[in-house]
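Notes to accompany the following structure.
The values are calculated or read from the model by the stated rules, or taken from the named source; none is laboratory data. This structure is a prediction, so every number in the text was calculated from the model and none was measured. Here the Cβ positions follow ideal geometry from the backbone for every residue, glycine too, while neighbour counts run over all protein chains shown. Areas reflect the complete protein model, heavy atoms only, side chains present, ligands, DNA and RNA absent. Shrake-Rupley method; radii C 1.70, N 1.55, O 1.52, S 1.80 Å.
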Amino acid sequence: RSSDLANQKCLLIGAGTLGCHVARNLMAWGITQITFVDCGTVSYSNPARQSLYFQDDIGKNKAETAAINLKKIYGNVEPKGINMKVPMPGYRTDNKTELQETLEKFVNIIMAHDVIFLLTDTRESRWLPTLLAKLYNKLCLTAAIGFDTFVAVRHGRMLGESGDDLGCYFCTDSLDISNTIINAPMDKRCTVTRPGVSGLAASIVSELMVSCIDNKNALTSLDDIPQQIRGNMSTFETRCYYTKQSECC
């Protein structure tokens with residue numbers, strides 16, 4: 001492992017199935033500074049799919065519990081768990097003071113890390129961290145899964161005076177940013193997916209991050225690393241793409 005890679009401070013927004021998988025992959029690469037952000041609690045169905053939880057953890061906060069259990073697995077890791085909800089467009093709040101405090105806290109969390117992983121299960125929860133990662137020039141990666149499909153994306157960054165014209169997670173999206181949960185049926189309010197999809201998505205987004213950080217020691221340059229990787233378990237196909245930044249981004 002390179003010292004650049006080992007010293008990365010990684011922020012995992014979402015401590016569910018993807019977050020647990022990604023944390024274990026990062027730990028295997030020798031990365032020890034890992035922070036989880038999540039406001040959910042461990043449910044009865046989680047331990048079977050989410051590798052950092054046990055049946056005794058049911059009812060506990062996911063971020064804090066994931067950090068505790070990651071430390072039990074490997075004592076040299078320095079995990080943190082932050083119990084908070086990411087501010088999202090389309091979600092009404094009447095407490096403006098609390099919202100302002102949450103925004104300030106979230107900005108500080110983003111600024112304190114080198115790599116941001118977006119591993120949540122809604123589009124709108126990825127919007128603010130995408131914006132802040134671009135603003136503060138952080139390496140930002142998204143993993144998202146469907147029933148039998150997945151996507152891993154490395155977002156564009158403002159690198160040097162010439163900039164970076166790669167798109168972000170939203171640059172190829174034609175839908176507005178809104179509350180996608182409020183009118184969703186019950187089976188769409190949590191991730192319903194083939195079990196192997198999350199492991200594939202988490203592995204690919206983890207390796208994508210490593211390739212971006214460690215490209216100086218790799219055989220390929222940063223330009224040769226895919227910007228977007230899409231997989232389909234129905235056809236067992238994986239395809240790589242490069243997407244340009246939208247004019248509206």
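Brief remarks on what is shown
- Calculated mean residue ellipticity at 222 nm for the chain: -9000 deg cm²/dmol, from DSSP H runs with n ≥ 4 weighted as -39500 (n - 2.57), summed, divided by the residue count and rounded to 500.
- Take each peptide in 21-28, 4-11, 74-81, count the other Cβ atoms within 10 Å of every residue, and average; sorted highest first, the result is 21-28, 4-11, 74-81.
- Distance violations [Cα-Cα > 32 Å] among LYS71/LYS96; LYS72/LYS134; LYS96/LYS244; LYS60/LYS96; LYS60/LYS244: LYS71/LYS96; LYS72/LYS134; LYS96/LYS244; LYS60/LYS244
- Between the stretch 1-76 and the stretch 194-210, the alpha-carbon center distance in angstrom: 14
- Full-extension gain in nm, THR97 to CYS39, via 0.36 nm per residue minus C-alpha separation: 19.0 nm
- DSSP-defined antiparallel bridges as percent of all bridges, the chain, nearest 5: 45
- Sulfur and carbon atoms: percent of accessible area, the chain [1.4 Å]: 52
- Net charge of Cβ neighbours under 12 Å - reference THR35; Lys, Arg +1; Asp, Glu -1: -2
- Gain on full stretching of the segment that runs from ALA48 to ASP164 - 0.36 nm per residue minus C-alpha separation: 37.7 nm
- Averaging the sequence gap over all C-alpha pairs within less than 8 Å and six or more residues apart, then dividing by the number of residues, gives the stretch 38-112 a relative contact order of 26 percent.
- What you get for the chain, charging only the Cβ of Lys and Arg (+1) and of Asp and Glu (-1), is a dipole of about 460 debye around the Cα centre.
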